[in-house]
Amino acid sequence: MRKKPNILIIDDDKDFVYNMRDILQEEGYTADTADNGQAAVKLCGEKLFDLILVDIKLPDMTGLELIERLSLQAQGTEYIVITGYASIESAVEAVRKKDIVSYETKPVDMNSILSLIRQVMERRAVEEQLRESEGKFRSVFEGAVDGILAADAETMKIKFANPAICRFLGYEEKELVNMGVNDIHPKGSLKHVTEAFKKQVKGEIAIAEDMPCLRKNGKVIFADIGSRPIRMGGRLLNVGFFRDVTDRKKMNEEILKAQKLESLGILTGGIAHDFNNMLTVIITSVFSMKTEIKPEGDAFEALGRIEKAALRAKGLTQQLLTFSKAGVPIKESASIAALIKESADFALSGSNVKCKFRIPGNLWDAEVDKGQMQQVMNNLIINAEQSMPKGGVINLSAENVDAGTCREIALKEGKYVKLSVNDNGKGIPEENLSRIFDPFFTTKEKGSGMGLSAAYSIIKKHNGYIRVESKEGTGTTFYIYIPAMENRPVDPGSYAPKKNSAGKIRILLMDDEEQIRQATGCILRSLGYEAELAADGLEAVELYSRAKRSGNPFDAVIMDLTIPGGMGGRDAIKELIKIEAEVRAIASSGYSNDPIMSEYGKYGFKGVVAKPYTGEELSNAILKVMK
Ligand SMILES: Nc1ncnc2c1ncn2[C@@H]1O[C@H](COP(=O)(O)OP(=O)(O)OP(=O)(O)O)[C@@H](O)[C@H]1O
Ligand SMILES: [Mg+2]
């Protein structure tokens, strides 16, 4: 129940005061009395009054002086001044003051003053109700976790905004109130936003889901926006309720990404074997042909082009393989310095972009999958080149860093080789920075968006770290950290093709693909080896054993790991070890996820070569087991 209004009557005319008090109490008000200013001040210190009737002439002060004092003491009280005709001018003057609602002349007309009091009280009751409902609305509006924004249904100008939407969008309320709906959404989605807004105004849709919103700092975030049109000040407003769904959307995207990667992995896993076999035939055949024809002339150049295209195809298969389980790195010690230079030469042949190297002579080596690391460098260098269509310089630097003293990022204890690829190209817009490592994210017409995601997954599999710094219009730098090797056992010349000079070394090659056998056989012979070929494990074991018995044994065996429907390298090695415990066997497969490829030693192999291989890679693998 609403509380009774409190009224105070201050006058030294006792008859009037008590008479008035009784009438007011009958009317349902609580009425108190005071016959001088001091008594009134005391009473007002103890109790809050809604309305005070005060005589303009009091024994100890004037009514106006009293009002002045009381209004300092309590706010919200209103006053009716009672005056004799003699002082009516000062009463009229008084009414101009705040809080004094009216004046009554003596002798007071009871009906008139009562009607005035009723009016004042009714108005105050309505005002209080309004204040209460406004208070409720304010607390909901200001305390809401969801953002609330009201915009004119026609002009789409923002009219009010609650604190949550200010936090969500990163603006102050006064900034938002001068903006339009179009200013808080990214340009690319304005058509969609306007359509959704108009539909909400017409009541055609209640919630617009996953709407991209633009923060003041340029970052794009997402909200589900519920709405309710309301009429205010003669205008129709659309009140939007924004729920931040950025995390949910990210999570869904992550799930989607994982699903995409999984199907991509299954797909590539399925075709990689055949694809790699075909590429091995092409690459090895080109290698053999190049050794047989004169380096001058169109044919040699054409072979170069075939080789380049085949190597690119190999690169693409590798790119895809990193997403599947097949991307396990086959690590070997490598000179990172040589690797950087080779990658730059390869990636920038024929380009108008120059490379500047800053690589110290004492750069540590690292245990890496050379193919995969070259892939990472190629991807970064090609991106840098593409960001400078008018040409420019790519700075390739490397340095040794110790995780203990390196403050740049949180790295696990140990030594690292830090590489950086820097360009002064167009840079990456802030809103894209968090997305560039996502598979399929590309801003290029012909990009597949896989370069950086492949680089990311490769570096991760090497227990390394990759990060980017970029500024639009200025340039981009990618930093890579790879665990370094404690010592330096690398043969720096291992990148150059090695030709066997003894001429007596006998190699047994086992592969179920006829074309691979022929092409690789040619390479082996062109490298100076004597090569014999076997189509499956049984045949290889038979040939190996017979050669040993006849006193013309093989020096090394290269075996394909998987032979559909026949004995593969995995089983053949067990048989070969029975014949010769220290057999120099090299495992070869297009599936680098085969555990044998990364842990070949455990299975009895002495080396490994991943298909498709180049002549250089084959030669290096053989030389390594022959040591
Ligand atoms: N050095 C760079 N300068 C400017 N933008 C870059 C740079 N590197 C990457 N990006 C941005 O990151 C996106 C993703 O790069 P990523 O290498 O993954 O794919 P892509 O280059 O578009 O396609 P792909 O590498 O598969 O041919 C690019 O489309 C580009 O917008
Ligand atoms: Mg790229």
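The values are calculated or read from the model by the stated rules, or taken from the named source; none is laboratory data. Being a predicted model, the structure only gives us computed values, none of them experimental. Heads up, the Cβs are rebuilt from the backbone with ideal geometry, glycines too, and the neighbour counts pull from every protein chain shown. Ligands, DNA and RNA are excluded from the accessible area calculation, which covers all protein heavy atoms including side chains. Shrake-Rupley method; radii C 1.70, N 1.55, O 1.52, S 1.80 Å.
Please pick out the residue among 147, 170, 188, 218 that is within 25 Å of the chain's Cα centre (by Cα), open to solvent by 60 Å² or more (accessible area, probe 1.4 Å) and closer than 25 Å to residue 430 by Cβ.
188
If residue 454 passes every condition in (1) more than 11 Å from ligand 1 (Cβ to nearest atom); (2) assigned to a helix (DSSP H, G or I) but one, which one does it miss?
Exception for residue 454: condition (1).
Across the range 434-454, which residue is nearest to residue 216 (Cα to Cα) among those that are exposed (fewer than 14 other Cβ atoms within 10 Å of the Cβ) and modelled with pLDDT of 85 or more?
443
Of all residues in the range 422-440, how many are in a strand (DSSP E or B) and either more than 23 Å from residue 458 (Cα to Cα) or near ligand 1 (Cβ under 8 Å from one of its atoms) (or both)?
Counting residues in the range 422-440 that are in a strand (DSSP E or B) and either more than 23 Å from residue 458 (Cα to Cα) or near ligand 1 (Cβ under 8 Å from one of its atoms) (or both) gives 1.
Mind checking which residues of the range 460-487 are outside any strand (DSSP E or B) and surrounded by fewer than 20 Cβ atoms within 10 Å (Cβ to Cβ)?
Listed by number, the residues that qualify are 460, 461, 463, 472, 473, 474, 485, 486, 487.
Considering each residue of the range 371-388, count those that are open to solvent by 30 Å² or more (accessible area, probe 1.4 Å) and either farther than 16 Å from residue 447 by Cα or of a type outside the set (A, V, I, L, M) (or both), and give that number.
Adding up the residues that qualify gives 5.
Scan 430, 445 and give me the residue that is within 16 Å of ligand 2 (Cβ to nearest atom) and acidic (Asp, Glu).
445
Return yes or no: is residue 596 surrounded by 16 or more Cβ atoms within 10 Å (Cβ to Cβ), touching a Lys or Arg at 6+ places or on another chain (Cβ under 7 Å), closer than 21 Å to residue 332 by Cβ and modelled with pLDDT under 90?
Spelling it out, residue 596 is indeed surrounded by 16 or more Cβ atoms within 10 Å (Cβ to Cβ), touching a Lys or Arg at 6+ places or on another chain (Cβ under 7 Å), closer than 21 Å to residue 332 by Cβ and modelled with pLDDT under 90.
Please specify each residue of the range 363-392 satisfying the condition of being β-branched (Val, Ile, Thr) and more than 14 Å from ligand 1 (Cβ to nearest atom).
Residue satisfying the conditions is 368 alone.
Is there any pair linking a residue in the range 588-617 that is under 14 Å from residue 275 (Cα atoms) to one that is small (Gly, Ala, Ser) and in a helix (DSSP H, G or I), with Cβ under 7 Å and at least six apart or on different chains, and which?
So the pair list comes out as 590/272; 591/272; 591/326; 592/326; 592/327; 610/371.
Looking only at the range 374-404, how many residues end up being within 16 Å of ligand 2 (Cβ to nearest atom) and not in a loop (DSSP other than H, G, I, E, B)?
14
Is there a residue being part of a loop (DSSP other than H, G, I, E, B), under 30 Å from residue 268 (Cα atoms) and at pLDDT below 85 anywhere in the range 312-322?
yes
State which residue pairs qualify: first residue in the same structural domain as residue 383 (by TED's automatic domain parsing) and of a type in the set (Phe, Trp, Tyr) and inside the range 419-442, second residue open to solvent by 20 Å² or more (accessible area, probe 1.4 Å) and assigned to a strand (DSSP E or B) in any location, beta carbons under 9 Å apart, and separation of 6 or more residues or different chains.
Close Cβ pairs satisfying both conditions: 437/468.
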